[in-house]
Amino acid sequence: DAEQSFLNHYFGAEVVRLPYHYNMNLAIKRRQPALWVGTLPEQRIVHFTLVKPFIGRGPMYKEVAFEDLEAFVPQIALEDGGLYKPEFEWWGEVFGEMKAMYKERLAVCGAEARVPPS
């Protein structure tokens, strides 16, 4: 079993399990489409476990540079016949909002990343 399974077994009697809408996983969308659609209005947290909007898959497999992510999302959203397109587009919108919100701090991080080590 993986770490999460171990933790679930070890602490199972001591924790409260959250409803699906606080722990949505894209695996649910693939395996139980009706459950995904039925919980859509209540979804709060989505885990990109099977597919990620920031790492390519198959022939597109690659880590995507931070500055290229917004352009990459529409490309990767077409994978799997577009199954995850709405979620990837949502992620891209939130990513864009985050970049705008933290623009000054991200600029400092980028400048620091370009400074060669002494």
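The values are calculated or read from the model by the stated rules, or taken from the named source; none is laboratory data. Owing to the predicted nature of the structure, the values given are computational and were not obtained by experimental measurement. Please note: Cβ atoms are built from the backbone with ideal geometry, for glycine as well, and neighbour counts cover all protein chains shown.
Going by the structure shown, is ARG17 basic (Lys, Arg), outside the structural domain of LEU106 (by TED's automatic domain parsing) and either in contact with an Asp or Glu (Cβ under 7 Å, 6 or more places away or on another chain) or modelled with pLDDT under 85 (or both)? So ARG17 passes the test. Within the range 80-89, the residues that satisfy the criterion of being surrounded by 12 or more Cβ atoms within 10 Å (Cβ to Cβ) and under 17 Å from ALA27 (Cβ atoms) are ASP80, LEU83, TYR84, LYS85, PRO86, GLU87, PHE88.
Residues that are among the aliphatic types (A, V, I, L, M) and not in a loop (DSSP other than H, G, I, E, B) were ranked within the range 41-79; the one that is surrounded by the most Cβ atoms within 10 Å (Cβ to Cβ) is ILE76.
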